[in-house]
């Protein structure tokens, strides 16, 4: 028994079955990401003054990933258009480009995640903060929460917590070379700092457990990355084993490519919102 409306449009919706299904699915996705974006807005507006991070993300990597995803949206449209023109070899080429671009996005995001998981903040018993990437970790946590051993962080020391939330801030222009150097060293200086375990009150990397900002950052970008990986798997299947349908039912196969393309455009659109919200504002 053949399933109806897999190629032709339904009389009640004007769309074939798969397209109706993907639009309903995308509507649920809009509600999911809409709730998360709303959560981000509420957390940000309720944050204490001067305690919302700025400059914690690499704008260059974020810009590169934006270009990668926009390009992948173009290639997936070109793949669908190639099938419409009965050019299967061009479809294979454009879809392969989409897969490679998706893997590039995931690779860049993994670099950003690695940077956060190797970046540490240590709160010292004297009230100061040491912030930087872990160079050597010989710390041993005791049962009572204290530490023995030592750690070497490649970063800088600041006196107040507020200074950690604006790491990219430009030092104010002050009179005298010495004053300028001191102001610049607060944010831009990076050196190897040995921290003894007995001096550490608390230490953690910049994972999702670090603070509110990293929690919402990893939640939003992590969920988006899962959508990228899931979409890449589907596109990879349609490029490989699934492409056999082109020989037996080309119109239905073309519809499948269109449906997967709609999902991919949604993934791209979500990132268009994530990039300025997380990286630029």
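Here are some notes:
- Flag: residue 124 matches the condition of being modelled with pLDDT of 85 or more and closer than 25 Å to residue 53 by Cβ.
- Residue that is within 17 Å of the chain's Cα centre (by Cα), touching a residue at least 12 places away in the same chain (Cβ under 8 Å) and at positive phi, where the choices are 55, 62: 55
- Subset tally (residues that are touching a helix residue (DSSP H, G or I) at 6+ places or on another chain (Cβ under 6 Å), modelled with pLDDT of 90 or more and in a loop (DSSP other than H, G, I, E, B)) for the stretch 51-67: 1
- Matching entry among 74, 41 (being assigned by TED's automatic domain parsing to the domain that holds residue 112, exposed (fewer than 14 other Cβ atoms within 10 Å of the Cβ) and at pLDDT 90 or above): 41
- Residue match in the stretch 226-233 (condition: within 20 Å of residue 74 (Cα to Cα), modelled with pLDDT of 95 or more and more than 16 Å from the chain's Cα centre (by Cα)): yes
- Within the stretch 170-220, being more than 33 Å from the chain's Cα centre (by Cα) and modelled with pLDDT under 55 holds for 173, 174, 175, 176, 177, 178, 179, 180, 181, 182.
- Pairs with Cβ under 7 Å, 6+ apart, first in the stretch 100-120 and at negative phi, second assigned to a helix (DSSP H, G or I) and surrounded by fewer than 17 Cβ atoms within 10 Å (Cβ to Cβ): 101/71; 106/229; 108/61; 108/64; 111/61; 112/61
Table: residues versus (1) under 30 Å from residue 76 (Cβ atoms); (2) over 20 Å from the mean Cα position of the chain (by Cα); (3) not assigned by TED's automatic domain parsing to the domain that holds residue 235.
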| residue | (1), (2), (3) |
| --- | --- |
| 89 | yes, yes, no |
| 96 | yes, yes, no |
| 99 | yes, no, no |
| 105 | yes, no, no |
| 108 | yes, no, no |
| 111 | yes, no, no |
| 135 | no, yes, yes |
| 156 | no, yes, yes |
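Residue-wise test of (1) closer than 17 Å to residue 221 by Cβ; (2) touching a residue at least 60 places away in the same chain (Cβ under 8 Å); (3) touching a strand residue (DSSP E or B) at 6+ places or on another chain (Cβ under 6 Å).
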| site | (1), (2), (3) |
| --- | --- |
| 127 | no, no, no |
| 134 | no, yes, yes |
| 142 | no, no, no |
| 148 | no, no, yes |
| 161 | no, yes, no |
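- Scanning the stretch 107-136 for residues that are assigned to a strand (DSSP E or B) and more than 30 Å from residue 229 (Cβ to Cβ) yields a count of 9.
The values are calculated or read from the model by the stated rules, or taken from the named source; none is laboratory data. Because the structure is a prediction, the values reported are computed rather than measured. So basically every Cβ, Gly included, is an ideal-geometry build from the backbone, and we count neighbours across all protein chains shown.
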